[in-house]
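A.B. asks: Take a look at this one; I'll ask things after.
The values are calculated or read from the model by the stated rules, or taken from the named source; none is laboratory data. Small disclaimer: the values here were computed from a predicted structure and weren't measured. Please note: Cβ atoms are built from the backbone with ideal geometry, for glycine as well, and neighbour counts cover all protein chains shown.
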């Protein structure tokens with residue numbers, strides 16, 4: 001490695017300035033071309049051909065979560081998974097992902113709302129505690145269903 005670096009340095013130092021520029025341009029062009037050709041390898045290779053059932057509300061997400069978990073469990077309970085089973089699992093995971101994303105967003109909201117209740121109680125703000133406490137309990141009830 002050191003010999004190559006020394007050789008390249010010596011070659012650059014001993015050639016005419018125009019040759020140095022040409023060598024740098026050719027090297028840059030090769031690096032750029034290799035990066036452009038390898039760009040698809042860095043792209044997300046996961047096809048986005050299924051959307052899954054939407055989960056616009058927490059209630060919808062919980063319903064989809066329960067229903068599609070049952071479907072997944074039934075498929076996994078089979079002794080052997082046939083190609084059609086694998087396809088069905090692939091498709092239903094999109095709905096489960098949508099549901100989990102909505103549930104995750106709702107849990108984040110729940111944590112933020114509880115933090116508001118906590119801070120309201122620390123600062124002696126009964127209005128905030130009541131308002132945010134009711135919102136927290138309502139959302140937590142949806143999660144329990």
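A.B. asks: Which of the residues spanning the range 86-145 are loosely packed, with under 12 Cβ neighbours inside 10 Å and under 19 Å from residue 72 (Cα atoms)?
C.D. replies: Listed by number, the residues that qualify are 86, 87.
A.B. asks: Which residues, counting only those in the range 57-79, are modelled with pLDDT of 95 or more and outside any helix (DSSP H, G or I)?
C.D. replies: 77
A.B. asks: Which condition number in (1) closer than 21 Å to residue 144 by Cβ; (2) surrounded by 15 or more Cβ atoms within 10 Å (Cβ to Cβ) is the one that residue 56 fails?
C.D. replies: (2)
A.B. asks: Here is a list: 104, 116, 112. Which entry is assigned to a helix (DSSP H, G or I), out of contact with any strand residue (DSSP E or B) (no Cβ under 9 Å at 6 or more places or on another chain), closer than 25 Å to residue 52 by Cβ and free of Cβ contacts under 8 Å to residues at least 24 places away in the same chain? First the steps, then the outcome.
C.D. replies: Working: 116 fails: closer than 25 Å to residue 52 by Cβ; 112 fails: closer than 25 Å to residue 52 by Cβ.
Within the list 104, 116, 112, the selection yields 104.
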